Structure formats: C-alpha cells, structure tokens
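The values are calculated or read from the model by the stated rules, or taken from the named source; none is laboratory data. It should be emphasised that the depicted structure is a prediction, and the values quoted were computed from it without experimental measurement. Using ideal geometry, Cβ is built from the backbone for each residue, glycine included, and neighbour counts are taken over all protein chains shown. Side chains are part of the model used for accessible areas, which takes the heavy atoms of the whole protein and leaves out ligands, DNA and RNA. Shrake-Rupley method; radii C 1.70, N 1.55, O 1.52, S 1.80 Å.
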Amino acid sequence: MNQEEKEFEKRAAVLKALAHPVRLRILKELCVNKTNVTSLYTKLDVPQSTISRHLLILKNAGIVSGKRHGVEIDYSLDSQKLEHFIKMIIQD
C-alpha cells in the first residue's frame, strides 16, 4: 500500500467513526467543552458502557483525546482540523 492509499484509509476510518448517532451526540457535547463519561451518560441518557465504547472508537480514530484527572478522564476534541467539519455535521 502506498502513502496515498494509507492516507485515504485513515480518512475513511475517521468517517466511519463519525457515522453513528451516539458518537455524533458525544461530539456535539465535546464541541462545547471538555467532559467526562459520567457527564456524558447523564446528559445523553445512554448507558455508561455505551458511552465508553463509543469514546474508544472516537479516540482510536484520532478524533478525541482524554486527559486523566484522578479517577476521571476528561475528553476533548483532538483535531482542530475536524472541529469545523464536526460542527457543520451536528449543526441544528
């Protein structure tokens, strides 16, 4: 696989990671501010395990990152390049 094909594979992985309603709702929250799993499952009314699973997918795609503070991890958008694109998708 050449470099261009690898780059398109990475871009496709990002698009796949964005292609789920729960992940889009998570990203909408992260566009506003950093937050943790507890806050997300409370706001979104989705089980904690579901939120954690979707955050892992977003993290593996390079869309979000987490920073540990004691027992909690605060998640935030990891890519400024994607922030505009994400805001465009989730715009009400």
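Structure values in brief
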item: Filter result (without any contact (Cβ under 8 Å) to a residue 40 or more places away in the chain and β-branched (Val, Ile, Thr)) within the range 27-59; result: 32, 37, 38, 42, 46, 50, 51
item: Test for residue 71: is it open to solvent by 30 Å² or more (accessible area, probe 1.4 Å), hydrophobic (A, V, I, L, M, F, W, C) and either without any contact (Cβ under 8 Å) to a residue 12 or more places away in the chain or out of contact with any Lys or Arg (no Cβ under 9 Å at 6 or more places or on another chain) (or both); result: yes
item: Tally of residues being among the charged types (D, E, K, R), assigned to a helix (DSSP H, G or I) and within 19 Å of residue 54 (Cα to Cα) across the range 68-92; result: 2
item: Given (1) surrounded by fewer than 11 Cβ atoms within 10 Å (Cβ to Cβ); (2) at pLDDT 95 or above; (3) within 12 Å of the chain's Cα centre (by Cα), index of the condition residue 19 fails; result: (2)
item: Residue that is surrounded by the most Cβ atoms within 10 Å (Cβ to Cβ), among those in the range 22-59 that are part of a helix (DSSP H, G or I) and charged (D, E, K, R); result: 23
